Every structure is written in structure tokens, then in C-alpha cells.
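Trainee: First the structure, which I've put down as C-alpha cells, then a few questions once you've had a look.
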Amino acid sequence: MAVNLLADSLPFRRWPARPRCRACGAPRRPSAWSGIFERVRGDSRCRFCGAPRGRRPWLVEALAAGFAVWLVLRWPEPFVYLPGLLVGLVFLLLAVIDVEHRLILRVVVLPAGLVLGGISALQPMRGPTKTMLGGLAGFGIVWAMYLLGVAFSRWVGRRRGAPLDEVAFGFGDVMLGGLIGLVVGWPGVIIAIVTGVLLAGVFSIGYLLVMWIRRRYHAFMAIPYGPFLLLGASLVYFGGRTALEALVR
């Protein structure tokens, strides 16, 4: 539920606030804060204007609950489970906001970097050196990709005689790269970013193909890269970091 509450308020106020209806702005009563509870009751509309809340609230809560159960079965030790749970929920929050608003918020990334980076630095498998190297590498790699994207957009804009509305990577993605590096450390950050970019490429091909078939395709359609970078980082952090690191040693 916390992920939904933050995803509903941070993009608009940059500070946690009581959830409100997006259509009319009316505050939701506490019994309507949980998407699953609303779904079970069969009442997911605003009591003031009748606007539907949508599927995201209960889907996010179900995903978070399933993840928490899976993680406690995989890593039952509290000192491993709790950091992993925090990483997963922060990643989920960032992904939801980026998908819905195309934003990577500093108000999420910076505090998360301090907390998760500090936890990572204290863990024996990473330590302060690998944590700092990972953060610097993640920031630097995505920053280079950001600069290339800006240069490409300017070149295309000159060719077209009109600037592109969006670029592939924004500076929020650069900060996200730094956060990912702090979480997975060095050299896992390399695999995380490469995996994320490859996943985004595969998705983009499929998405553009579908849009072309539906005759809704237009050149330089942009997608949010944040969720794919986060997915790549999750595969490294939760899915076998040691084996992935062996590929770059």
C-alpha cells in the first residue's frame, strides 16, 4: 500500500501526502487506501465523482505482497531479507512513477541512494569500495548514454527542421544509473545496465511492430527506460549476482 500512496502523491507534490482522486482531487477515506481491499469490496470508484481508480493499485499491492513472500522463502535471514525487501519496493515505486509520468524523481532517488548505498557498503559481499565504484560507474555509463541521446536528438532535429519532443534518456535516468550502481555494486552494475538496455531494445522492437500493425506508428516513439534498467538491476541483485559477475571478470 505504501508504494501506491507514494506513487499517487510524489509526482505532484514531491512529498508524501494523503491520497486523492485524480479526477476531482477529493481526498480518499482510509478504507479506500488499499487497492486490494477496494477490489475485494467491489467498490473502486471515487465516492465524490465516481471516477474509477484503475487496476494499478491492486496490481501493485499484489505484486509487492507476492514479492515479499518469495523473498522470505529465498532469503529468510532478516539481515538479508529486509534490505532486499527495501530494494524491491524502492525499485517498484520508481518503475510505477516512470511508467505513469515519465519521471525519475530526485525525492526518491537521492534518499534511496543514501540508505541503500549505506546498507550495501556494510554488506560483506560488496563493501564500501565496490559500492562506490558501482555508483560512479552506473552514473558515468548512463550519463554517457544520455549525452549521446542528446547529441542524436539535436542532429535529428536539425535534419527534420524541428526539435524532437523527447530523448531516450533523461537526467533522471542518469541518477537512476548511480542508484543502481550503489545497490548492485561493481562489477554487477555493468551487467545490470547492459541487461536493462537489451530488454528495452527487445520490448521496443515488439512495441513498434504492434504499433505499425495497428497503423499508429510514428518515427522516434519514446519509451520509459527506467523500468528496464530497474529490471536488469533486479536480475543481478536477486537472481544470481555471483554468476553474472563471473562474465565480466
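Trainee: Can you list the equivalent-ellipsoid semi-axes of the range 57-165, largest first and in whole Å, using the square root of 5 times each Cα gyration tensor eigenvalue?
Mentor: Semi-axes (√(5λ), whole Å): 34, 21, 10.
Trainee: DSSP loop trypsin sites (Lys or Arg not before Pro) in the range 48-148 with at most 13 other Cβ atoms within 10 Å of their Cβ, which ones?
Mentor: ARG55
Trainee: Return the sequence-ordered ³J(HN,Hα) values of the range 190-204 in whole Hz as given by the Karplus equation 6.51 cos²θ - 1.76 cosθ + 1.60 applied to θ = phi - 60°, using x for Gly and Pro.
Mentor: Running phi through 6.51 cos²θ - 1.76 cosθ + 1.60 with θ = phi - 60° gives 5, 5, 4, 5, 4, 4, x, 5, 5, 4, 5, x, 5, 4, 4 Hz.
Computed from the coordinates by the stated procedures, all read-outs in this text should not be read as laboratory data. Quick caveat: nothing in here was measured; it's all calculated off a predicted structure. Methodologically, a virtual Cβ is constructed for each residue, glycine included, from the backbone with ideal geometry; neighbour enumeration extends over all protein chains shown.
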